[in-house]
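Working notes, beginning with the structure itself.
Values in this text are rule-based calculations from the coordinates and carry no lab data. None of these values were measured; they are calculated from a predicted model. No Cβ is skipped: glycine too gets one built from the backbone with ideal geometry, and neighbour counts run over all protein chains shown.
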Amino acid sequence: MPSEEAHPRATSLNRRSIVAVGIGNGLEFYDFAIFAALTPVISQLFFPSGDPLSSVLSTFAVFAVGFLMRPVGAIFFGRLADGRGRKIAMILAVTIMGVSTVLLGLLPVYAQIGIWAPVLLVIARMFQGLSVGGEFGTSATFLIEFAPSNRRGLYGAFAFFSATAGSVLGIFLVFVLNLLMSTDNINSWGWRIPFLLSFPLLVLGFYLRQRVAESPEFQEVKTEEARLKSPVLTVFKEHWRGILIVIGIVLGFATASATVQAFLPSYIRTVIGLSPRVTLGSVLIATTLAVFMVLAFGHLSDRYGTKPILVLASVLTVALPYPSLIIIGLGGFGSALLGQVILWTPVAAFGGAAPAAWAEMFPTRVRVSGFGIAYGFGTAIFAGSAPFVATWLIELTGNDVAPAWYMIAGGAVTLVVIITCVSGKFHSQKRTK
């Protein structure tokens, strides 16, 4: 990759690209966060039941449907990004994502149209999953291809930084709703507000992404001779080992990140029994701290290498879930906050180091396809199922700490994959086209 000095426009292009990518990733995880934070409300509105835990399980099943669409999105957008460019794929992804989120806020509930309410909810989540499947692989690749060779970890980390910042915004809005509105008003119409407020983000993201330049590395391989007619088939045929390794790394990250982001808000409120305000307050502070931890780990991966940080993330995923859930189970704001910060640490370590590692598993001409497909399948299987499995484990065992074992198992498998299959410092590898 040429240095920043070799590209006079690098500084302005990088800043514009970072902002454009950040808006899209922020919108992606903004929806992720508000859906998780509003799960107790959505579950009763779309899946009314006498058993609150059963309603939550149904809502988490819908949550999983969105993840199952990610591989489809990765294949579609991977072909588009590797064939026609990263920019057009990012524009389309942010558009589908924003429109789907706004429409979700307009859906009628079960009391109004019966069974069609959850059906429409599932359809909206499917389109969101489709867009997310193309969004993250494309945007993270785009950032890394803009990065100087010695800062690819930090640039890749910004993909998760902006995504986590979107989560903070979503949680903050739901927190404000609970401060300003009564429970009855939130349940009747207030829950729609965070979804509808995604419209300004959609417009801003669309505008900014139209104005960015194509990534330098794609520009170098965009000739007809270098581009592939079927990048998806090529990546499965020639880079299947890279796909399997990335899925192995995603496993530990996905089980931990989906648990801490999607499961814990509902867990703290429904199982531990804290009030919505206390729950959302602790979630908001913990997620805000995680935003900065992601960038710190991205910087460390540039300094010490990607593999050591990934090993650390895996070890922490094995070591921390059980004591974290025990601390949260003590009850109270302080315990909830401390337990979440502890669990966020391995997630932030993965988020800071993994994107550059995943991107460098694949050459430029199939990079979005390889990255996106591996990440999409990994998150579909392990992240999409995490909240459901965690809730099911509690219902099955009667043990509130049982979800820890799912994260521990994921971290253990990922640790083995990293130690046995991942080479040393990624950033020193020669990047083939």
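May I ask you to compute the full-extension gain from PHE236 to PHE333, defined as 0.36 nm times their residue separation minus their alpha-carbon distance, rounded to one decimal in nm?
30.2 nm
Simple spin-label model, 7 Å along Cα-to-Cβ: ALA296 to ILE115 in nm?
Distance between the two pseudo-spin positions: 5.2 nm.
In whole angstrom, how far apart do the alpha carbon centroids of the range 192-213 and the range 305-357 sit?
31 Å
Determine, for SER266, SER257, the number of other Cβ atoms within 10 Å of each Cβ, and report the residues in order from fewest to most.
SER266, SER257
How far is helix 116-146 tilted, in degrees, relative to the longest principal axis of the Cα atoms in the chain, given as a value from 0 to 90 rounded to the nearest 10?
30 degrees
Can you figure out the FRET efficiency of ASN150 with VAL203, using R₀ = 56 Å and their beta-carbon distance, to the nearest 0.05?
The pair ASN150/VAL203 has a calculated efficiency of 0.95.
Could you tell me how many degrees, from 0 to 90 and to the nearest 10, lie between the Cα long axis of helix 70-84 and the main elongation axis, the longest principal axis, of the Cα atoms of the chain?
Approximately 30 degrees, to the nearest ten.
Give me the extension gain from GLU220 to THR420: residue separation times 0.36 nm, minus the current Cα-Cα distance, reported in nm with one decimal.
Length gained, GLU220 through THR420: 68.7 nm.
Where the only charges are on Cβ atoms (+1 Lys, Arg; -1 Asp, Glu), what is the dipole of the range 4-428 about its Cα centre, to the nearest 20 debye?
Value, rounded to 20: 700 debye.
Tell me, what HN-Hα J-couplings in whole Hz come from the Karplus equation 6.51 cos²θ - 1.76 cosθ + 1.60 at θ = phi - 60° for each residue of the range 279-294, using x for Gly and Pro?
Once θ is set to phi - 60°, the couplings for the range 279-294 become 4, 5, x, 5, 5, 4, 5, 4, 5, 4, 4, 5, 3, 7, 5, 4 Hz.
Please give the length that would be gained between ARG211 and SER275 if that part of the chain were fully extended, namely 0.36 nm times their separation in residues minus their C-alpha to C-alpha distance (nm, one decimal).
That pair, ARG211 and SER275, stretches by 18.6 nm at full extension.
SER49 to LEU244: FRET efficiency via 1/(1 + (r/R0)^6), r the Cβ-Cβ distance, R0 41 Å, to the nearest 0.05?
So, using R0 = 41 Å, E works out to roughly 0.55.
If you average the C-alpha positions of the range 249-264 and of the range 394-426 separately, how far apart do those two centres end up, in angstrom?
10 Å
Does anyone have the angle between helix 52-68 and the longest principal axis of the chain? Alpha-carbon axes, 0 to 90°, nearest 10?
10 degrees
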